[in-house]
Each structure stands twice: as C-alpha cells, then as structure tokens.
Amino acid sequence: MVKRGLTKPCILLIVIAGLERFAFKGVASNLVTYLTDVMKMSNSSAARTVNSWCGFTSMLPLLVAPFVDSYWDRYSTILTSSSIYALGLLALTSTALDWPWSHSDGNRSSLSLFWSLYMISLGQGGYNPSLQAFGADQLNIEDELPSTKADEDENSEKKSLFFQWWYFGICIGSLMGISLLAYIQDTLGWGLGFAIPTIAMVTSIILFSCGTKFYAYKQANTVDMKFISKVFLNVKATALRMIGMRKRGIILSNSNSDVIELELQEKPLCQEEQVKTEGLEETPKNGYYLLEIAKVMLRLLPIWTMLLMFAVIFQQPPTFFTKQGMTMKRNIGSHFKIPPATLQSAITLSIIFLMPLYDAFFIPFARFITRNEKGINVMQRMGIGMFLSVIAMILAALVETKRLELSKKLTVSSSKSETVDLSIFWLLPQYIILGISDIFTVVGMQEFFYSEVPVSMRTMGIALYTSVFGVGSFLSALLISLVEHVTSSNGGKQGWFSDDMGESRLDKYYWLLALSSAVSLMMYIVLCKFFKSRT
C-alpha cells in the first residue's frame, strides 16, 4: 500500500503559493481597465501592454532558473525575489494614489507604472519556479539513490499528489484575486485594490520565513569554471600540436595515423578522472553541467513545442470568449447583468470542484480500465487534457456559428440592438471543459517538467513549464496578426476580427485553432511513442 499525504512544509508552501496567485491575479486580471481608465491608454495600447507584460513574466523564469540551479540556492532566491516582487507591488500601488505630481507629469507616472510592472516580473521570474521546486523538495524523495519498485511507485504518487494540490491551491488564490479584488478596484478605488495584493505578498514572505527551521534543504550546485578553462586550454594545445605536425609533413593516412594517435594519447583532451562521471547528480560541479542543460532542453523540446497550441487556446477566454459574451443575453432578473469577464471564473471553479474527484474517482476508474496501478502516466494525462481543449474549441466554434446566424437575422430585421437572443450561459460548456483539460494537462506539465530533468536542474524544469504559456502568449498574438493580415486583405474588409461582432468570423478562427491543436495532439502521440522517460 502506497503511503499518502503531504508534509507540513509542503502544505505551508501551497498556502504561500495561493497568496502569491491572489496577489498576481488581483493585478493582472483587471490591469487593462486600470490602463484605460486611469492611465488613459487606448484600448489597443493597453491590450498590447498587458499581453507583452504577461508574456515577458512567463518567459523570465527560463532565464533565471539556470542561475538558481547553478549558483544560488532556492531558499535564498525565494526570499530575495519575493522582496523584489513586494517592492514592485508597492510601487504599483503608489501609481494609483493621488500624488501632487501625478497630475502634472504624465510621462513620469507612466514610467513609474512600467518600472513597477517589470519589478513584479523580475521578482516572479525567480520566485515562482524556485518556490514550486522548493516545495517538491519537501517530499522526502531520494532521487539520487537507487530504489525498489515500491519506492518508485510511492515517489511517483507523492509527486502527483503534490502537483495536484499545488495547482488546487493556486486556483483558489486566483479565483479570489479575480473575483474579490476586481470588485474592490472598480468600486472602492485602485489604491486599496493594489494595496491588498501588496499586503498579501508581504504576508506570504512572513509565512515563508516562519517555516525556515522546518524545511528540507538540498545543496545548491555550482559550475566549476576552472574545469571549463582547463578544457579550453587542452583544446588549444591539441590544435597547436596538430598544426605543428602538419607543418612537419605528417599527413593523415593509414600508414602514419598511429603517430598522431600516440601523440594525442600523451596529453589527452581531458583527463580521464575529469571526464569520468556517473551523471549530473553525482558530479554536479563538473564542467559538463552547461552541456547537460543544453542536452536536457533539446530532449524535452519536441514535447514542449507540441504543448504550445494548448497554451494558445488558453489565451481565448480573456479575449474573444469575452467579446462573444458581450453580444449575448446577460440579464439575471430585470436589473443585474452578468459581466462577460466573470465567466472566466467558471474555469477556476471547475478546477476547484473537480480536482478532488480526479484522485478519488478518475484514478480508480483508470486503474480498472488500464490494469495499471498508477491509472495513467503523466504523458497520457497531458494528452487527455490536450484532447479536451480541442473539444472546447469545437464547442466554441459551434456556439459562435449559432450566434452569427441570430445576428444576421437582427440585421435583416433592421434592429439596432447588438444583443442576440442567445443566453451567455451557452458559453459555459467551453469554459468548463477548458477547466477540466487544465486539471489534466497543466498539472501533468508541472510534474512532467519537474521529473524529466536531473535533480540539480529542478528549477529549470519548472521554468520550462511556465515558458510554455509565455511563448504561447506571444504565439497567440502573432497568429492573430497573421490571420488579420490574410483575411483583411480581401477587398479591404476587416476580416475575421472585425470590430462589428455581427461581421466577424470568430467561428472560423476557432475551427483553425481546433484543427491546429488536433494536429499538435497527433504529433504529440507519435512523439510519446519514442520518448524515453527518466522516471
């Protein structure tokens, strides 16, 4: 029987991660409104600013993680980066306060805003991957030592349980940030709306410090730069000897190739004791660490690439799904209208309510079907989520087709109303299915990238996971630009993304995403057959 349950430090770190998500989502979810209403940016400028900031924030961990794994330790990185994070939130709060100079110097106010946002990005770049890797370090799993089959099963189940509840925790924080802070910002003011995330982040730092004596610490690994310089000098010396031999008329041939071989054997490129290594974990200070980073990234690159379309799909709810909802019936009673953006909470709610059912019902059912103790492996888990995301886009396309049909009827009847006779709740299935796909793929991605890298590169593994959504954000923007260019060049029309939602063709765009995602899924399935897991 596999032992279950998480350690107390793991639970504390999950709570801390939830507080961070509460702070971040409280800023990011309503930032467009702040930029347009307070900073007086245009809609397009505000959207570009938010997209660029979110993409940069998601990509930065990939640049910071190698330094965390190579030179720093995770505990110190978390404390330092969280302090920068909190200072960025404090600076953002100050931009929302009514300072005397804020009215006279708009450029200075905008500059302060950008500095504060990118301070948050810099802090999060080191904070998020380090915190999650540090949390997984608390599982008391000895990856370096050989283990029995029972130990491997226990370790695998511990990892799955940790990443599952980690994601559950950050979803709770995200839901509170989206719903509660958006209301406070719109009704009670931006100063208070940004001050609360700042307080939450400071509270998380205090909680993290309180658990210092209870944490399990794994030694940081450093790259031995002296070894790299020795390799370089040996390469140089060997090249000079070969040049000298050529000048003396020693020609490479079958008759005298042994001469060169003996010459090289006198002083080999690298000493045998330097080259000999059992793996990155056992000799983390050797000069091959940087080479190992490249090997690991190249090994995971095909799977990483196939996940990008999944990330692109998750850029749709805060953009085009919301635009759809704005033209649909949103009334509850005679006075209240549902804000279209609040339907995004359906994704988070479906994760919160269905995540516990995954372990309680789905895994036992999968065990019965597959006759495998684990139910499904992490690669299968990600594939199921990718399949569900394709289904969500097909549903979105069908609902949009119906909405366009009703919109054309309004045009024929010369009605000036842009609201079609279709309830906004028709969008709920696509949101809910995306939430379910999130449970499979996102949690699977966290476990996959954490487990498929050497122990000394765990922070890099988490950074690879976050970079999928960073690149996916940029890829989504690029795809929109390309589609807009191609479809609007025909007769000067605005194309698929027309400002007039009655003339737009979002249904075709959704079909394009569904098709592209289906192709990515098929290629992913093929890659899985050739991929050899480390675990």
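Worth a mention:
- Every condition in (1) closer than 30 Å to residue 343 by Cβ; (2) within 22 Å of the chain's Cα centre (by Cα); (3) open to solvent by less than 20 Å² (accessible area, probe 1.4 Å); (4) at pLDDT below 85 holds for residue 88 except the one numbered (4).
- The set of residues from the stretch 37-55 being modelled with pLDDT of 75 or more and not aliphatic (A, V, I, L, M) comprises 37, 40, 49, 52, 53, 54, 55.
- Total residues in the stretch 402-434, condition at pLDDT below 90, open to solvent by 10 Å² or more (accessible area, probe 1.4 Å) and β-branched (Val, Ile, Thr): 3
- Some residue of the stretch 17-34 being modelled with pLDDT of 80 or more, basic (Lys, Arg) and open to solvent by 50 Å² or more (accessible area, probe 1.4 Å): yes
Listed here are the residues, each with its yes/no results for (1) assigned to a helix (DSSP H, G or I); (2) modelled with pLDDT of 60 or more; (3) open to solvent by 10 Å² or more (accessible area, probe 1.4 Å).
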residue	(1), (2), (3)
107	yes, no, yes
110	yes, yes, yes
113	yes, yes, no
122	yes, yes, yes
130	yes, yes, no
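- Residue match in the stretch 459-469 (condition: buried (at least 17 other Cβ atoms within 10 Å of the Cβ), farther than 22 Å from residue 513 by Cβ and not aliphatic (A, V, I, L, M)): yes
- Under the condition of being assigned to a helix (DSSP H, G or I) and either buried (at least 18 other Cβ atoms within 10 Å of the Cβ) or more than 26 Å from the chain's Cα centre (by Cα) (or both), the residues counted in the stretch 502-517 number 9.
- Residue that is on the phi < 0 side of the Ramachandran plot and without any contact (Cβ under 8 Å) to a residue 12 or more places away in the chain, where the choices are 501, 522, 460: 522
- For the stretch 173-195, a tally of residues being surrounded by 20 or more Cβ atoms within 10 Å (Cβ to Cβ) and at pLDDT 80 or above returns 9.
- Residue under evaluation residue 474, criteria (1) open to solvent by less than 40 Å² (accessible area, probe 1.4 Å); (2) closer than 28 Å to residue 28 by Cβ, criterion not met: (1)
- Among the conditions (1) modelled with pLDDT of 90 or more; (2) surrounded by fewer than 18 Cβ atoms within 10 Å (Cβ to Cβ), the only one that residue 97 does not satisfy is (1).
- Qualifying residues in the stretch 328-348 (those that are farther than 26 Å from residue 168 by Cα and free of Cβ contacts under 8 Å to residues at least 40 places away in the same chain) - the one most open to solvent (accessible area, probe 1.4 Å): 335
So that you can scan it fast, the table gives a plain yes or no per residue for (1) touching a residue at least 12 places away in the same chain (Cβ under 8 Å); (2) out of contact with any helix residue (DSSP H, G or I) (no Cβ under 8 Å at 6 or more places or on another chain); (3) in a helix (DSSP H, G or I); (4) open to solvent by 30 Å² or more (accessible area, probe 1.4 Å):
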site: 305; (1), (2), (3), (4): no, yes, yes, yes
site: 321; (1), (2), (3), (4): yes, no, yes, no
site: 350; (1), (2), (3), (4): yes, no, yes, no
site: 358; (1), (2), (3), (4): yes, no, yes, no
site: 369; (1), (2), (3), (4): no, yes, yes, yes
site: 374; (1), (2), (3), (4): yes, no, no, yes
site: 385; (1), (2), (3), (4): yes, no, yes, no
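The values are calculated or read from the model by the stated rules, or taken from the named source; none is laboratory data. Note that this is a predicted model, so its numbers are computed, not measured. For neighbour counting, all protein chains shown are included, and Cβ atoms are generated from backbone atoms with ideal geometry for every residue, glycine included. In case anyone asks, the SASA skips ligands and DNA or RNA and just uses the protein heavy atoms, side chains included. Shrake-Rupley method; radii C 1.70, N 1.55, O 1.52, S 1.80 Å.
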